[in-house]
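The values are calculated or read from the model by the stated rules, or taken from the named source; none is laboratory data. This one's a predicted model, so the numbers in the text were calculated from it and none came from an experiment. Cβ coordinates were reconstructed from backbone atoms using ideal geometry, including for glycine residues, and neighbour counts include every protein chain displayed. With ligands, DNA and RNA removed, areas are computed over all heavy atoms of the protein, side chains included. Shrake-Rupley method; radii C 1.70, N 1.55, O 1.52, S 1.80 Å.
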Amino acid sequence: LPEDKNMKLALAIPTPEVSVTVPVALFSGTFAQRLQKAARSSYAGVELMVARPAELSAGEIADAVACRGLEIAAIASGAVYMVDGLTLMAEDASVSHRAQTRLGDLIDFAAAVHAPLVTVGGFRGRLASCGPGARETLIGILRRAATYGSDRGVRLALEPLNRYETDCIHNTQEGLDLLSEVGADNLGLLLDTYHVNIEESSVTECFRQAAAAGKLWHVHLGDSNRLAPGWGHTDFPGIVAALRDVGYRGYVSAELLALPDPDSAGEATMRHMSALLAG
Ligand code: LER
Ligand code: MN
C-alpha cells in the first residue's frame, strides 16, 4: 500500500445509474467490479461521479464502497451534465433551476454517504450563456448551495478549468477571488493537474497558493495530455513535493482518460503515484 501520512490516492468512477460512457472512468466493468479492482490496486478511495442520486440507494452505495475497504473521496457533479445536460448557468432558466435542485440532491447524497465534498467543475456552465450579470448569478447560486451544504455538513469544491472548457475560473487566483466574493466557509477549491498545466504559470506554486488560503481541499490527477501520471510531461515529483510541503491531507484523485484502456490507466496511475509517494 502506498503509505503517505498525508495524501490518499483515489480514482473517479461512475455510479451504476450513469447511463453514458464516461471517458475518464478508470477500471473496466460494473460498479462492483471497478470497486474490486480499485481495492486490489491499493487505492484508498473512490470519487463517485453521480448523475441521478434519486435513482440510487445511498446505503447500498456506501456499503459497496466500505465493504471493500475503500472510502468515498468526493461526489463529482460532472456526470450530471453528461447524462442530463444540466448546468448551473444556462440560457434556459429551467435548465439552471433543475441544475440547482440537482446540486442540492448531490449534497444530500454526499451527506447520506458521508462524503466530504461535492465538486463543481464543468457543471457550473458558462457566463456567456447567462448574459449580463452572469457572474453575480453564479455567486448567488454558489452561495445558496454552500448554505445548503453547510446545514448538512457537506463542503463544496470549485474547480478551475482550462479555457477550452469554460469561460470562467481558469486558475487558482480567479478561483480564490470568486471564493472571497461568495464568502462561504464551506466553499473551497479543487485543483486538477491537467487544467493547472494549461493555465497556471507554475504547476507547483498554485498548490501552495490555494493551501496558504486554506482552500486546497481536493486534487484531480491527469498528466499534460490527460493520460496517467508519467505518460505526459507534467512535473508530478514537484507537485507531490509541494503537496507534502503544505501538509495536504486530502485525496489526489485520478480523473484522466481511460487510455489505452481503463485497467491499464488505473494501474499505471497507481504504479507511478505510489512510487512518488514512497520516494
Ligand atoms: C473536466 O475537465 C474536469 O476536470 C472535471 O473535473 C469537471 O467537470
Ligand atoms: Mn477535474
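Subtract the Cα-Cα distance of residue 233 and residue 32 from 0.36 nm times their separation in residues, and report this length gain in nm to one decimal. Display every interim value, and only then the final one.
On the way: separation 201, 0.36 × 201 = 72.36 nm, distance 3.29 nm.
Value of the extension gain: 69.1 nm.
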With a 1.4 Å probe and all protein chains left in place, how much accessible area per residue does the chain have, in Å²? 40
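Return the FRET efficiency for the residue pair residue 94, residue 129: r is the Cβ-Cβ distance, R0 is 22 Å, and the value is rounded to the nearest 0.05.
Numbers: r = 13 Å, r/R0 = 0.60.
The computed FRET efficiency comes out at 0.95.
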In whole Hz, the Karplus estimates of ³J(HN,Hα) for the stretch 195-206 (6.51, -1.76, 1.60; θ = phi - 60°; x where Gly or Pro) are 5, 4, 4, 7, 9, 8, 6, 9, 7, 10, 4, 4
What whole-number value in cubic angstrom gives the convex hull volume per residue for the C-alpha atoms of the chain? 111
Distance in nm between label sites at residue 54 and residue 201, each 7 Å beyond Cα in the beta-carbon direction? 4.8
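Can you run the Rg to Rh ratio on the stretch 60-139? Use alpha carbon positions and the Kirkwood inverse-distance Rh. Spell out each step's value before the answer.
On the way: Rg = 14.6 Å, Rh = 13.6 Å.
Here the Rg-to-Rh quotient is 1.07.
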Apply the Karplus parameterisation 6.51 cos²θ - 1.76 cosθ + 1.60, with θ equal to phi minus 60°, to every residue of the stretch 125-137 and state each ³J(HN,Hα) to the nearest whole Hz, in sequence, with x for glycine and proline. x, 10, 4, 4, 6, 9, x, x, x, 4, 4, 5, 4
Between 174, 159, 255, which gets the highest mean-square fluctuation from a Gaussian network model of the chain, Cα cutoff 10 Å? 174
Suppose R0 equals 22 Å. What FRET efficiency, 1/(1 + (r/R0)^6) with r the Cβ-Cβ distance, do residue 66 and residue 152 give to the nearest 0.05? 0.65
Using Cα springs under 10 Å in a Gaussian network model of the chain, which residue among 262, 237, 132 shows the largest mean-square fluctuation? 132
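Which value, in debye to the nearest 20, gives the size of the charge dipole of the stretch 50-125 about its Cα centre, when Lys and Arg are +1 and Asp and Glu are -1 at the Cβ? Walk me through the numbers on the way to the answer.
Details: 5 positive and 9 negative charges, 29 e Å.
Taking the Cα centre of the stretch 50-125 as origin, the dipole is about 140 debye.
Within the stretch 117-214, which trypsin sites (Lys or Arg not before Pro) sit in a loop by DSSP and count at most 15 neighbouring Cβ atoms inside 10 Å? Please report the intermediate quantities before stating the final value.
Details: sites: 124, 126, 135, 143, 144, 152, 155, 163, 208; in loops: 126, 152, 163.
Passing both the DSSP loop test and the Cβ count: 152, 163.
Beyond 23 Å, what percent of the Cα pairs of the stretch 136-260 remain? The partial results should precede the final answer.
Values: 2333 of 7750 pairs.
Pairs farther apart than 23 Å: 30 percent.
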Could you pull out every residue, at least 5 positions away or on a different chain, whose amide H is within less than 5 Å of the one on residue 49? Hs are placed 1.01 Å off N in the peptide plane, and Pro or chain starts have none. 13, 15, 76
If each residue of separation counts as 0.36 nm, what is the full-extension length gain between residue 84 and residue 213 once their alpha-carbon separation is subtracted? 43.0 nm
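Using a probe of 1.4 angstrom, how much of the accessible area of the chain is carbon and sulfur, in percent?
50
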Where only C-alpha atoms are counted, convex hull volume of the stretch 123-206 per residue in Å³: 94
Label-point separation in nm, residue 244 to residue 20, each point 7 Å along Cα→Cβ: 4.0
